Structure formats: structure tokens, C-alpha cells
Amino acid sequence: MMRNPQLRVAAALVFAGSMWFYVQHILIAHQKTEAAQFATPRGNLSDLYPRWLGARELLLQHRDPYSSEMTREIQAGYYGRPLDPNRPNDPKDEQRFAYPLYVVFLLAPTVYLPFPVVQTLFEWLLVSLTIASIWIWLRTLRWRVSLSTQVTLILFVLFSFPTLQGLKLQQLSLLVGGLIAGSAILVLEGHLTVAGVLLALATIKPQLALPLCVWMLFWALNDWRHRQNVVWGFIGTMVALLGGSEYLLHGWFGHFREALVTYRQYSDGARSALETLLTPVWGRVATCAALSIVVVVCWRNRRASADSETFAGILALVLTTTVMIAPKAAPYNQVLLIPGVLLVLQHWRLFSDNRIILRAAAWICALLVFWPWLAALALTVASVFLPAASIQRAWALPIYSSIATSIAVFLMVAYVCWKRKLSPL
């Protein structure tokens, strides 16, 4: 079936439609029912809103977006009213402006527009960036596929749970994913200065961008004569962003640090996927082990050319590791798994080893990645025969494997790198 282009696209459409139905008519319906039952506030629920409102008030009214007053105004829009600590069912997430201040420079063109218009424009921007990133990563991995395969990949990525969640929430992780993909293709095409600029802009979410920044700058240092423009583009942009932020709000970094500390408190520590799955102690041990592998791989391949399979493999490995160790295991961050998943699909034949244990492990990992679509399809079919209330009680079924997804992809990417002679062992 998968060798037939028409059937492949048809199957992708079925799974895509099922995931959309699940998010729109099961997950959101469950959330609305639960909110009505417990009097939980629901406003625009846009993760873009706190950043947009903070940018507008800073640039137009010179107000501190990190202040308690701004936090209450943000809550009034995000939740529909300010949170009340005396109400036990109110959300714990205070929706503070917990981003580096220089995110306002990216949002500056939108501050004169009504927020509903900004929401629509931003959603279409995220859709466009996500689709473009698929083509970019295919180009970076030097993987030529047919048009039907491209359509299939676009449908699965665009209608994956992480992407749909990111679109519904207008999450800046999808923007960061697009910036990182753009930086990667610019390095490949030799436009190193602009690549450094995009890499610096991606640091609006430092936890997602910093591991790749470290690798790219280290890579550039190992052929300074030909790669130095990446460093100058990055440093020049960071100096402009940090300097401009200090000009707009003196001492902003201290406010940002306080916002992060407060966020960690009300988010119960915001554990990574490894810490959530293996407990905090063992999760940190596994994190150190994974980072050790990545560091040695990067060191041994530091002179790899930008247009090589080795460089593309390292990008996929670094980004996959980033998702796995990021301090918050949010599904929308999994947009950074796109190059890793594509790398695994490109080299799937490497898992056809005669060893049963290897094949079984590969299929288990693949099932963990594919599980959300299977569960969404099952719930969609079941909704034809069962009442909505019964279906909504199973709302968590498609996201059961979410925590393990990045770990499964990391294991498969690491194996591909090992077989492709990128291993430190």
C-alpha cells in the first residue's frame, strides 16, 4: 500500500483528518466541558498574547512587561479574567512575560494591529514556516523524494499533535523551528552571515536554540577562515538585540531571571522528558550520558563540510537531543524532531538487521512516534458509534506516548549516526 503514491496520500489524509477531528471535537470539547464544570477561566488561550501585549505596552506606553500589573492584564486576556489564588480550580500557570525582552523586536510590526488580526496572521505564518521547514530539512539531508511523498510528509507533520497544539496555542516554538531550519539551509547554501542572524533570533526561546548555537559556533571556529561569518552574524545580532533591550528597559535581564524563577515554581519544576520518564535523578544521569555522546560526536566531526551528510546528521542529533532534555516536555517543542524523523525515514533500511532485538526495538520506537495518529483514528471512528461524553473520557489516549516520543527518536537517530560512522564509539 505504501508503495502506491495515491494510496499513500489517501492514508495520510485519513490520519490527518482524524487528528484534526480529535483536537477540534474531542480534546477541545473535553477542555470546555471541564472548564464549565470547575469554573475554570478560558479567554483567548493564546501563548502569543502575553508576548504581544507586553511588546505593545513596552513600545507604545513604556511599561515594564515583567511587572505584576502587566501580568494581571495578560491574565485578563489569556484567561478572560485575572487569576484568583483563593479559587482552587484556577490554573497555576500565571502566564507571565517569561521571554527575553528582545522578543518585542520580532513582534514590533504587529503592535498597532488588533490582536484577532495578529492571531490570524501569525497562525498562517506558522503554517507556512512548518511546511517550508519540511522542504528545507529534505534539502539539508540531501534526500530527494517524489511529490506524493512530499505531500504525505507535509500532511503528517502539519496535522501531527505537536504542530496542531502549537497552532492552536500560537506557540513561538514553531517560529523558532522555522528560524532554525532557515539558518540550516543558509549555512548549506553558503550565506553564513544571515544564518548567524537567524540563529540569534531563534534565542527568543533559549532552551531550544542554545544547544544548536553552541554546535554551530564551535563548528565555525574549526575552519575560521571560511566559516567566521556565522560567528559575526550571530554576535552582531545578539549585541544589537541585547543592547536594544537594555535601551528599552534598563535592567531587564534581572526581571527576566525573576520571571523564570517564578515560572519554575508554579510549573512544578517543569521537568524534561527524561526526568519525567525516568525520575529526576535518573533523568539527569541519562541527560549527562546523552550530552556526552553528542559532545564527542560533534568533536570528532567538527570539520565536516556544511553540504555533507555528516553535518546534516549532527544537526538532527543536536535538535533531537534538545527536545529530549529541554526543561519543559511540551509536545509543541517536538517540531524540532522533524529533521531527526526524516533522517530515520531516509535510512530506515539500516533497521532491517537480522537481529530480532534490533528490529523489535526499532518498531517499538516507530510505534511510539506513530501512536498519536493511530489513537486519533480510533477515537474518530468510535465517535460514530459512541456518545460524545464517552469519547471525551478517552481524550488523553493519543498523547500517551508524547513523553517518550523524543527519546524514541533520539535512540533511532543515534543508531543511524552510529551506522553512518558518526558515532564516538
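Since every read-out is calculated from the coordinates, none of them should be taken as a lab result. Keep in mind it's a predicted model, so treat the numbers as computed, not measured. As a convention, Cβ positions derive from the backbone with ideal geometry for all residues, glycine included, and neighbour counts pool all protein chains shown.
Pull out a ≥ b ≥ c, the square roots of the eigenvalues of the alpha-carbon gyration tensor of the range 178-271, then state rounded if a/c is under 1.5, prolate if not and a/b is larger than b/c, and oblate in the remaining case. Prolate, because a/c is 1.5 or more and a/b exceeds b/c.
So for each of 155-166, 240-251, 18-29 I average, over its residues, the number of other beta carbons within 10 Å; can you give me the resulting order with the highest mean first?
Per-residue Cβ counts within 10 Å, averaged per peptide and sorted highest first, yield 155-166, 18-29, 240-251.
The fewest-to-most ranking of ARG51, ARG359 by surrounding Cβ atoms within 10 Å reads ARG359, ARG51. Only Cα sites of the chain enter the Debye sum here, all with the same form factor; the resulting log10 I(q)/I(0) across q = 0.11 1/Å is -0.90, listed in q order.
Taking the fewest neighbouring Cβ atoms within 10 Å as the starting point, the ordered list for VAL9, VAL369 is VAL9, VAL369. Fewest neighbouring Cβ atoms within 10 Å first, the residues THR320, THR262 line up as THR262, THR320. In the elastic network of the chain, a GNM with C-alpha springs shorter than 10 Å, the most mobile of PRO88, PRO50, PRO41 is PRO88.
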